[in-house]
Structures are given as structure tokens and as C-alpha cells.
1. Mind checking which of Glu12, Glu39, Glu90 has the largest fluctuation in a GNM of the chain, springs on alpha carbons under 10 Å?
2. For the stretch 12-22, take each phi angle, set θ = phi - 60°, evaluate the Karplus expression 6.51 cos²θ - 1.76 cosθ + 1.60, and give the result in whole Hz per residue in order, putting x for glycine and proline.
3. Could you give me the ³J(HN,Hα) list for the stretch 93-108, computed from phi with Karplus coefficients 6.51, -1.76, 1.60 and θ = phi - 60°, whole Hz, x at Gly and Pro?
4. Near Val9, within a Cβ-to-Cβ distance under 15 Å, what is the net charge of the other residues, with Lys and Arg +1 and Asp and Glu -1?
5. Send over the semi-axes of the chain's equivalent ellipsoid, whole angstrom and largest first, taken as the square roots of 5 times the C-alpha gyration tensor eigenvalues.
6. Under a Cβ-only charge scheme (Lys and Arg +1, Asp and Glu -1), can you give me the dipole magnitude of the chain about the Cα centre, in debye to the nearest 20?
7. Any chance you could check the Cα centroid distance between the stretch 5-51 and the stretch 65-108 for me, in angstrom?
8. Find out how many positive minus negative residues lie around Gly66, taking Lys and Arg as positive, Asp and Glu as negative, among other residues whose Cβ is under 13 Å from that of Gly66.
Amino acid sequence: MPQLIFSGVKQEEVKDVSTQLVDALAKIADAPRDYFTLEVNDSDFVFDGEIVKINPVIQVLWFDRGQAVKDEMVSVIDQALRSKGYPNIEIIFEALGKESYYENAVHY
């Protein structure tokens, strides 16, 4: 935890930025690198009966670490995707309650 879920982004582009991205996010969040998970959704998006491209949407599931940490993480994620040519990027944080997150049947 945190888990970043990428939609509207090519898998190869996430792979290209993954090491530097996780390095920076781990430092900001004060969390070990292996706590981070990057997932790429290979989904089709439909509008008016047509398959369309969307702006990248990154959903971040995490244990809330405060607004300042969130703002720094957003900046790093945004810069990583802009380096791949994406001009419009949406980032959505979803804070998880530790009592709702289980690992091996034990919640945090």
C-alpha cells in the first residue's frame, strides 16, 4: 500500500517510469518501495457507440498521510506522465481505513 491503478496509459509507458516513480513516491510517503503496487488497466472506453481514448486516470488507494504528502505525490505522478506526452491527467486518491484493509486475514 499504496496501490496506483492506471487507466488510459500504455503499459510500456508505466514500465518506463515505474522505477523512478516508486523511488520518489516511497521517499515522499516514507514507506518501503515494496509497499507500492502499480497496476495498468487495459480497458476500452466507449462514448456514443465508439471506442475512444481517455485522458489518463490514476487511482491511488492508500492510508491517508495528509494533504502535504498527497500534493507531493500528485506532483511526481503528474510529472512522470507528462514526460510521456500526456497533457491532461486526472489523479484520484481513495483513503482506506486501516480497519478495512486485511493482509492474511488480519487488519491493520
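1. Highest fluctuation of the listed residues: Glu12.
2. Karplus-based 3J(HN,Hα) across the stretch 12-22 equals 4, 6, 5, 4, 4, 9, 4, 5, 5, 4, 5 Hz.
3. Whole-Hz 3J(HN,Hα) from phi for the stretch 93-108: 9, 10, 7, 9, x, 4, 6, 9, 10, 10, 10, 6, 6, 10, 8, 6.
4. -3
5. Whole-Å semi-axes of the equivalent ellipsoid: 25, 17, 13.
6. 280
7. Measuring centre to centre over Cα atoms gives 10 Å.
8. Overall, the nearby charge balance is -2.
None of the figures in this text is laboratory data; all of them are computed from the coordinates on show. Keep in mind that this is a model prediction, so the values were computed, not measured. All Cβ positions, even for glycine, are placed from backbone atoms using ideal geometry, and neighbour counts span all protein chains on display.
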